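Take a look at the structure set out below.
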Amino acid sequence: MEVEEVKLPGVGLRRDFACLNGRRVGVLSKKSGERQLIVYDDVDPDSVLVSVDMDADEASVLAELLGAPRVVERLNRLREQIEGLATAGIPISPESPFVERTLGDAEIRTRTGVSIVAVARRDGVELSPRPDFRFHAGDKVVVVGTDEGVKAADAILNPSS
Amino acid sequence: MHLDSLAQLFLELGAVLFGLGMLARLASRFGFSPIPLYLLAGLAFGSGGLLPIGAPRGFFETGSQIGVILLLLMIGLEYTAEDLVANLRTQAPAGVIDLLLNGLPGVGFALLMGWGPTEALAMFGITAVSSSGIISKVLTDLGRLGNRETPGVLGVLVLEDLAMAVYLPILTEVAASAGGLSAVASTIIALAVLAAVLFIALRFGPVVTRIVVSRSNEVLLLRLIGLAMLVAGAAEAAHVSAAVGAFLLGIALSTDVAERIHRIIEPLRDIFAAMFFVFFGLSTDPGQLPGVLLPALALAAVGIATKFGTGWVAGKRAGVGKPGRLRAGAALVPRGEFSIIIAGLVGTAAAPELEPVTAAYVLVLAIVGPLAPRLAEPLIRRFVLGRRPAPKPAVRELGTETPDA
């Protein structure tokens, strides 16, 4: 998903992307910490059709509704459909060699065949993280693959434990 | 006797401030800027006005100067040095086009009026610079901060504010000495100071911030206002103009505490900025307004058209469609604080008609400006309906490791 990021001097940061159905949605993060959920007009894709102002609490509730449970829900459904599919949340321990290194560096997919579908951290969930995503200590890496693959991925991310 | 004069001061000052409060309420109720109402109030209270009061001019004059410092300090606080440098790098062409397109009609106007170079330079700034205060409020009220043309609009405003940091010192020097070599020298000084401050802000912003920041709001407020006055005074002494000094201090302070500083000095700014607009009205002779009204209206009409030009260019550069470009132009129409600061700066050094022309110009554009985005909407809508684009195909690029494919 191509997320466009634009700085608004004096206001904050706007991130937006187009959904499959062509609708653009985005979030405006203001310097004051407030968030604005924005939905763009279909006819004039440059203009905002709906905007909802949210304080930090409301924004995190919305993020939770959209993000975290959906990942789990989707994984459970997958597990039911495909036999032998394993999923796990692998924590990045502070001793992990990949703290502050990128997802691409770990080469999990190449080395184990396992896919990293999300990374959960305290301030939110990164869905489908890109290769340049940087791990922090305490991140929870959600992976999908075979049983052996998941174990191998754990061994790569946390070799000491 | 002493008691009587004190009583008179308080009664008049109280009446003026209370009246301004009513006007501000009225303005917010109808969703437009209070600036034109403050100006009208000043005109009404001044000599030759509808309700002339023996206004405490000395008090208002000092208050209005403090108002300028606080206005500029707050504008500077909005931007970080990184913001400014990044904008300069990406938006410079739009900024140059904006200044030329909107400033040159002012110069032409001054020439038509038979004015000298000081007035021509002043009119350049008066017609060029939009009111970032009015515009960001309008964009917020209309829920357009997320629009895709908005970064272009804000970029133009940033560059205009930055250009003022170079322009105001030059104008001060030209007004004082009627041009020549010292204007060139002051230009160089202004550019050097600007570069030095941007460098200090980029490198040592946190140090400057540590000087003023405190856990206690009282300590913070006193230190901040004190430092602002010191910097403004030093800047004035160095012929860089007090306003520019305050603006640069604001930039240097723009870090994570800017938001808190903002909240603390905002009420103070509101009081003194109101006094600043009233004082400008007080010092303008309303008797001269009717004579300059038609030329000022014509200039305002040109000023609206040229801002649409800026918006078109800025929007096009941002890859925005035609409706968005028109919206960007409509948003940029309001002029306000800077035009008045400029006219106040040249003051008596300029032709006596300059102040009433500016007053009329700002009155018109500060009233029409906030309405322009709403008024332009039907036009834009018809334009859009004429060429309804098909919904854009979704851009979907799969992440590197996606399970549900």
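Does segment B:122-137 hold any residues that are in a helix (DSSP H, G or I) and either farther than 16 Å from residue B:160 by Cβ or of a type in the set (Gly, Ala, Ser) (or both), and which are they?
Within segment B:122-137, B:122, B:125, B:128, B:132, B:133, B:136, B:137 qualify.
Of a type outside the set (D, E, K, R) and either within 14 Å of another protein chain (Cβ to nearest Cβ) or surrounded by fewer than 19 Cβ atoms within 10 Å (Cβ to Cβ) (or both): which single residue out of B:125, B:108 fits that description?
B:108
Would you call residue A:13 surrounded by 15 or more Cβ atoms within 10 Å (Cβ to Cβ) and either in a helix (DSSP H, G or I) or within 12 Å of chain B (Cβ to nearest Cβ) (or both)?
The answer is no for residue A:13.
So which residues in segment A:106-130 are of a type in the set (D, E, K, R) and within 13 Å of chain B (Cβ to nearest Cβ), if there are any at all?
Once the filter is applied, which keeps residues that are of a type in the set (D, E, K, R) and within 13 Å of chain B (Cβ to nearest Cβ), segment A:106-130 yields A:107, A:109, A:111, A:126, A:130.
Among the listed residues B:210, B:215, B:223, which satisfies the condition of being more than 23 Å from the chain's Cα centre (by Cα) and loosely packed, with under 12 Cβ neighbours inside 10 Å?
B:215
Which residues, counting only those in segment B:314-326, are in a helix (DSSP H, G or I) and either crowded, with 24+ Cβ neighbours inside 10 Å or out of contact with any Pro (no Cβ under 8 Å at 6 or more places or on another chain) (or both)?
B:314, B:315, B:316, B:322, B:323, B:324, B:325, B:326
Restricting to segment B:303-331, name every residue that is more than 14 Å from every other protein chain (Cβ to nearest Cβ) and hydrophobic (A, V, I, L, M, F, W, C).
Answer for segment B:303-331, where residues must be more than 14 Å from every other protein chain (Cβ to nearest Cβ) and hydrophobic (A, V, I, L, M, F, W, C): B:304, B:305, B:308, B:313.
Looking at B:81, B:92, B:120, which is the one that is farther than 28 Å from residue B:202 by Cα and either within 14 Å of chain A (Cβ to nearest Cβ) or of a type in the set (A, V, I, L, M, F, W, C) (or both)?
Only one candidate passes the filter, namely B:120.
What number goes with the only condition from (1) within 22 Å of the chain's Cα centre (by Cα); (2) within 8 Å of chain B (Cβ to nearest Cβ); (3) among the small types (Gly, Ala, Ser) that residue A:51 does not pass?
Condition (1) is where residue A:51 drops out.
Any idea which residue in segment B:54-69 is farthest from the chain's Cα centre (by Cα), counting only those that are of a type in the set (A, V, I, L, M, F, W, C) and at pLDDT 90 or above?
Checking each candidate, the answer is B:66.
Here's a check for you: in segment A:85-127, which residue that is of a type in the set (Ser, Thr, Tyr) and touching an Asp or Glu at 6+ places or on another chain (Cβ under 7 Å) is nearest to residue A:151 (Cα to Cα)?
Among those that are of a type in the set (Ser, Thr, Tyr) and touching an Asp or Glu at 6+ places or on another chain (Cβ under 7 Å), it is A:115.
Any residue at all in segment B:332-342 that is in contact with an Asp or Glu (Cβ under 7 Å, 6 or more places away or on another chain) and either more than 30 Å from residue A:40 (Cβ to Cβ) or within 14 Å of chain A (Cβ to nearest Cβ) (or both)?
No, because not a single residue in segment B:332-342 is in contact with an Asp or Glu (Cβ under 7 Å, 6 or more places away or on another chain) and either more than 30 Å from residue A:40 (Cβ to Cβ) or within 14 Å of chain A (Cβ to nearest Cβ) (or both).
Pick out the one residue from B:329, B:344 that is assigned to a helix (DSSP H, G or I) and crowded, with 24+ Cβ neighbours inside 10 Å.
The conditions single out B:329.
Evaluate segment B:147-160: report whether one residue or more is farther than 24 Å from residue B:90 by Cα and in a helix (DSSP H, G or I).
Scanning segment B:147-160 turns up no residue that is farther than 24 Å from residue B:90 by Cα and in a helix (DSSP H, G or I).
Okay, residues lined up against (1) farther than 25 Å from residue B:248 by Cβ; (2) β-branched (Val, Ile, Thr); (3) without any contact (Cβ under 8 Å) to a residue 24 or more places away in the chain:
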site	(1), (2), (3)
B:75	no, yes, no
B:79	no, no, no
B:83	no, no, no
B:88	no, no, no
B:94	no, no, no
B:99	no, no, no
B:104	yes, no, yes
B:108	yes, no, yes
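Does segment A:16-43 hold any residues that are in contact with a Pro (Cβ under 7 Å, 6 or more places away or on another chain) and either surrounded by fewer than 18 Cβ atoms within 10 Å (Cβ to Cβ) or closer than 23 Å to residue A:57 by Cβ (or both), and which are they?
Correct list: A:22, A:42.
Which of the residues spanning segment A:16-48 are over 30 Å from residue B:74 (Cα atoms), small (Gly, Ala, Ser) and either more than 8 Å from chain B (Cβ to nearest Cβ) or within 20 Å of the chain's Cα centre (by Cα) (or both)?
A:18
The values are calculated or read from the model by the stated rules, or taken from the named source; none is laboratory data. Remember, predicted model here, so these are calculated numbers, not experimental data. Cβ coordinates were reconstructed from backbone atoms using ideal geometry, including for glycine residues, and neighbour counts include every protein chain displayed.
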